[in-house]
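Here is the structure we will look at.
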């Protein structure tokens, strides 16, 4: 089982849309800033927080009240890191890189 990076976003959030491009690169290209993302070591899950009916359990469980938000799950499905709220784009990119690196090292 791989670690999982959960990305909570909203279509109405411009910052979320910018970060979605970065998440898409992680998934499509298989790396972040030259760090390879092996699919069997890190799964990336994009969650549309606008669809609360579908994702309410996850939003409540991980206490996601604002987007964008990242939650990193270890191989056992336990949350080992999360963001506490939106930050400027560059800081959120740094969080993404750090979470990917941490997820790969587990």
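The values are calculated or read from the model by the stated rules, or taken from the named source; none is laboratory data. As the structure is a prediction and not an experimental result, all values here were calculated from the model. Glycine gets a Cβ as well: all are built from the backbone with ideal geometry, and neighbour counts include every protein chain shown.
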For the subset of the range 49-73 comprising residues that are under 19 Å from residue 14 (Cβ atoms) and in contact with a helix residue (DSSP H, G or I) (Cβ under 6 Å, 6 or more places away or on another chain), which member is surrounded by the most Cβ atoms within 10 Å (Cβ to Cβ)? 68
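Looking only at the range 74-106, which residues are surrounded by fewer than 16 Cβ atoms within 10 Å (Cβ to Cβ), part of a helix (DSSP H, G or I) and touching a strand residue (DSSP E or B) at 6+ places or on another chain (Cβ under 7 Å)? Write out each step before concluding.
Of the range 74-106, the ones surrounded by fewer than 16 Cβ atoms within 10 Å (Cβ to Cβ) are 75-81, 84-85, 87-91, 94, 97-98, 101, 105-106.
Right, trim to part of a helix (DSSP H, G or I) and you get 89-91, 94, 97-98, 101, 105.
Hits for the range 74-106 are 97, 101.
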Tell me whether the range 99-106 contains one or more residues that are at pLDDT 90 or above and closer than 17 Å to residue 22 by Cα. no
Those residues of the range 74-94 that are within 12 Å of the chain's Cα centre (by Cα) and closer than 13 Å to residue 8 by Cβ come to a total of 4
Top-ranked residue of the range 3-15 - restricted to ones that are in contact with a helix residue (DSSP H, G or I) (Cβ under 8 Å, 6 or more places away or on another chain) and surrounded by fewer than 18 Cβ atoms within 10 Å (Cβ to Cβ), ranked as modelled with the lowest pLDDT: 4
